[in-house]
Amino acid sequence: MTALSVIEHQAVASVAPQEVLSSRLGAEDYGIDILAIQEIRRYESPTRIANASGHLLGVMDLRGVIVPIVDLRRLLGLPAENGSNTVTVVVTLAGRTVGLVVDSVSDVVALSAEQIRPRPHLGGQGNIDFIVGLAQLNTIDGQRLLQLVDLDALLRDL
């Protein structure tokens, strides 16, 4: 590793979450900081809001709190699709509560600094500012990459 890549690796490892909930969208795995997660709920159709953007599915009443429900597939440009494993991950960020619809969740993963890699530099080829880094995981099925999500950056415009 070059000196620059060592520094970059250390910087990413210091801001990346240490424990994440592994969630799936399509064929890709995403890691959501476990400290932001309030609860995981079975998917229920939310109450639609007129003229809301396509990724905002509506709102739901969560024990007296009105929570916006965001379809992460639509937000990330994937086709909308709900299956039998679809769940809503309720997260709290800076006092705001938001429900994130994902295809499924699997497990909580503890990450070490050695597993976390910087996100690739793609130039002007897409906005991936919401990806903090990538975690390389060894599983019994082989290796898999977990994209570590910065929820503040992902939900900035909501």
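Give me a count of the residues in the range 114-149 that are under 20 Å from Asp71 (Cβ atoms) and either over 11 Å from the mean Cα position of the chain (by Cα) or touching a residue at least 24 places away in the same chain (Cβ under 8 Å) (or both).
7
Which of the residues that make up the range 62-113 are surrounded by 15 or more Cβ atoms within 10 Å (Cβ to Cβ), without any contact (Cβ under 8 Å) to a residue 40 or more places away in the chain and in a strand (DSSP E or B)?
Leu62, Val67, Ile69, Asp71 - these are the residues of the range 62-113 that are surrounded by 15 or more Cβ atoms within 10 Å (Cβ to Cβ), without any contact (Cβ under 8 Å) to a residue 40 or more places away in the chain and in a strand (DSSP E or B).
Identify, please: which residue in the range 12-48 is loosely packed, with under 14 Cβ neighbours inside 10 Å and among the polar types (S, T, N, Q) and is, among those, modelled with the lowest pLDDT?
Checking each candidate, the answer is Ser14.
Taking into account only those residues within the range 33-47 that are part of a strand (DSSP E or B) and of a type in the set (A, V, I, L, M), which is nearest to Thr86 (Cα to Cα)?
Step by step, filter the range 33-47, then rank; the result is Ile40.
The values are calculated or read from the model by the stated rules, or taken from the named source; none is laboratory data. Values in this document were obtained by computation on a predicted structure and should not be read as measured data. In this analysis, Cβ positions are derived from the backbone assuming ideal geometry, glycine residues included, and neighbour counts consider all displayed protein chains.
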